[in-house]
Amino acid sequence: GSGGKSERVFKDASVTSAQEAQALARRILSGQLQGSLTGNGTSMGNPDIRAGTILDLKGIGRFSGRYAATQATHTVGNAGYQTTFQVVRA
């Protein structure tokens, strides 16, 4: 066999212990096994949103539900403080 390796990098993955890292990995893998429903969005600035944060997204029809943030970018500019994030279905 080819014995290939798969690697996925998650930016802003703020974990402070092996347990948190394993929990994040389980959430990400669970999303991959569920068909990897992914998306992205922007909100008013929220410092609590970072990789691994579970977000309850509402108002998006049948796509409403719980998602795990896989990346978060915090910016301050002319539009004020904003958080842009990428998610996978939790």
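A short reminder: the numbers here are calculations on the coordinates, not readings from a lab. All values reported here derive from a predicted model rather than from experimental measurement. So basically every Cβ, Gly included, is an ideal-geometry build from the backbone, and we count neighbours across all protein chains shown.
The slack between residue 82 and residue 25, meaning 0.36 nm per residue of separation minus the straight C-alpha distance, is 17.9 nm. For the peptides 74-80, 47-53, 62-68, the ranking by packing is 47-53, 62-68, 74-80, with the highest mean count of neighbouring Cβ atoms within 10 Å listed first. Its residue count N sets the reference 2.2 N^0.38 Å, and the alpha-carbon radius of gyration of region 48-90 equals 1.24 times that reference.
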